[in-house]
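What follows is one structure encoded as structure tokens, with my remarks underneath.
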Amino acid sequence: MPAPRVRFAPSPTGFLHVGGARTALFNWLYARQTGGVFVLRIEDTDKERSTEAHTQVILDGLTWLGVTWDEGPYFQGSYADRHRADAERLLASGHAYRDFLTADELDAARARAKASGVPFRYHRAELELPADEVERRATAGSPYTIRFAMPDDEIAWDDAVHGPISWQGRDLDDFIILRSDGSAIYNMAVVSDDIAMGITHVIRGDDHISNTPKQIALYRALGAPLPVFGHVPMILGTDGKKLSKRHGATAVGDYQDMGILPAAMRNFLALLGWSPGGNEEIVDQEAMISRFSLEHIQKKPAVFDTTKLEWMNGQYLSALAADDLIAPVERQLAILGVHTDRELHALIDAVKTRSRTVIHLAEQIAVRIDRSRVHRDDNAAKFVAKLGAATFTANLALAAAELNGVGEWNAAALEGQLKAQATAHNLKLGDLMQPIRIALTGGTVSEPVPLLLEVTGRDESLARIALAVQTISA
RNA sequence: GGCGCUAUCGUCUAGGGGCCCAGGACACAGCCCUCUCAAGGCUGGAACACGGGUUCGAAUCCCGUUAGCGCUACCA
């Protein structure tokens with residue numbers, strides 16, 4: 001059996017949505033697993049809405065996700081001649097006919113049907129003019145569309161995710177395949193391209209199920225072998241409606257900006273509608289590829305739950321080595337306006353388990369390297385009030401005195417010193433630690449204080465403590 | 001309206017006739033750990049849409065109902 005060829009065929013009329021990204025991912029996973037080829041084709045035939053900028057965003061989004069294509073990007077617009085030739089071939093073979101009705105006449109007929117409450121259907125007998133009349137109008141230069149003559153019989157296929165699906169041809173209209181300006185309509189262009197590109201597996205969104213019988217009829221009329229069709233379910237917003245702008249972030253670029261890691265996004269998207277079958281949640285790329293199967297794709301739509309995405313991102317953040325986090329962290333630091341030549345590894349390791357997004361991670365690092373970002377928050381103020389400003393500063397001063405004399409400035413040594421100090425002065429550990437934390441970060445939450453001191457550095461830590469003593473007693 | 005698709009905890013899901021008075025994860029609550037917060041560990045509440053069949057036995061198979069979604073363009 002020859003290697004499968006799959007494709008992802010977005011139209012560049014908007015950003016790369018998570019639904020599209022997941023469809024791309026499923027195609028990619030299938031290609032990687034089977035040793036097949038993943039083709040990227042940009043369907044830019046809607047010239048009104050397609051833009052180069054959108055194309056670039058889609059390419060960037062796929063690249064960021066790690067969904068890399070083996071062929072392409074091909075641009076559907078450049079195959080207009082072939083599309084037209086295929087449509088005309090259908091006309092010549094009697095599988096299609098000329099329709100001289102104008103768009104306006106069609107609209108009027110539809111409006112009439114709607115007004116009288118009957119469903120609008122094309123009547124081929126009326127549309128299909130006598131041969132000599134067709135000839136007369138054509139030579140007279142009347143514009144026409146080419147309409148496919150839909151056979152009446154059953155069209156069924158064994159969908160790779162849904163199983164058997166069946167339609168009756170008679171329920172389908174004779175649809176236009178070539179516009180009066182000579183350009184092909186979607187279904188014609190897709191089939192023409194998929195045949196020409198040797199696509200063996202068409203894996204796409206559920207919203208295309210109703211296009212499939214039309215496309216199958218086209219394959220048959222064109223005498224081409226049928227690919228395998230697999231329709232993956234839609235992705236919904238938390239209100240159960242189709243995911244849209246209203247639901248907030250829906251483009252993969254949005255998630256990059258929110259500080260989501262590509263590996264986490266990939267993992268999350270893969271498990272939205274697909275499951276390896278067991279109980280795992282964190283599935284790395286290799287496992288995804290080896291265990292992927294179209295049969296295990298869910299048939300029903302899934303709600304996109306950002307909370308779980310963030311949890312998963314946190315898992316990746318904790319598990320990934322600082323090395324792998326440097327680039328995204330630097331990107332976010334730049335966005336925050338923080339520029340530093342400090343070595344970031346230790347800082348990242350110190351704070352990463354407490355972060356769910358790279359943004360939060362970067363914010364914490366920013367506070368540790370840039371003193372001007374230390375602002376006491378409400379919880380800190382409450383703590384000061386509860387302990388009493390006098391005790392607070394006294395404890396801080398005590399800590400400062402102790403820390404001044406520390407030889408090795410590392411977490412283990414600092415912890416020993418601080419604990420001894422607390423015991424010696426009969427202080428609760430928290431009453432000594434928390435003031436330091438507040439002095440260093442302005443907040444009540446951080447990594448363990450000894451580690452915080454270590455990554456903040458001796459001079460900077462002492463300076464911040466001195467500053468806090470000053471401002472709080474004042 | 002017509003045609004099609006779908007239906008397990010709030011959400012993502014496991015489940016392919018007995019292993020299921022339904023398992024895991026997120027979220028939520030409690031406990032443990034602990035200088036704080038995370039992480040981690042433990043515990044808890046929480047679902048087979050409804051009605052008929054088939055079968056010794058159904059979340060699993062069939063039919064119907066209901067609900068949701070999709071398509072019904074000279075858009076893709």
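Every number here is computed from the coordinates shown, using simple stated rules; none is lab data. Quick caveat, the model's predicted, so the values are computed rather than measured. Methodologically, a virtual Cβ is constructed for each residue, glycine included, from the backbone with ideal geometry; neighbour enumeration extends over all protein chains shown.
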Could you state the number of Å between the C-alpha centres of the stretch A:228-246 and the stretch A:412-474?
-> 50
Please work out how much length the chain gains when fully extended from A:Asp152 to A:Ser116, using 0.36 nm per residue of separation minus the C-alpha to C-alpha distance, in nm with one decimal.
-> 10.4 nm
Taking the stretch A:251-356, which GluC sites (Glu not before Pro) meet the DSSP loop condition and have no more than 16 other C-beta atoms within 10 Å?
-> A:Glu280, A:Glu281, A:Glu343
Rounded to the nearest 0.05, what FRET efficiency do A:Ala103 and A:Asp70 give with R0 = 51 Å and r taken as the Cβ-Cβ distance? Could you check?
-> 0.80
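Order these by the 10 Å Cβ neighbour count, fewest first: A:Met150, A:Met288.
A:Met288, A:Met150
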Inter-site label distance for A:Ile282 and A:Thr306 at 7 Å from Cα along Cβ, in nm | 2.4
Anchor A:Lys47: lysines whose Cα lies under 24 Å away (excluding residues fewer than 8 positions away in-chain) | A:Lys214, A:Lys245
Once you have the alpha carbon radius of gyration of chain A, what is it after dividing by 2.2 N^0.38 Å, with N set to its residue count?
-> 1.39
Within the stretch A:24-121, DSSP-loop GluC sites (Glu not before Pro) with at most 13 other C-beta atoms within 10 Å are A:Glu48
What FRET efficiency comes out for the pair A:Lys47/A:Arg458, r = Cβ-Cβ distance, R0 = 51 Å, nearest 0.05?
-> 0.20
Partner lysines whose C-alpha sits under 19 Å from that of A:Lys352, ignoring same-chain residues fewer than 8 away, are A:Lys308
Which of the trypsin sites (Lys or Arg not before Pro) found in the stretch A:47-90 are in a DSSP loop and have at most 14 neighbouring Cβ atoms, other than their own, within 10 Å?
-> A:Lys47, A:Arg49
Considering the convex hull of the alpha carbon atoms of the stretch A:332-474, report its projected area averaged over all viewing directions, in nm², one decimal.
-> 8.4
Aspartates and glutamates with Cα under 12 Å of A:Lys299, excluding same-chain neighbours fewer than 8 positions away = A:Asp159, A:Asp206
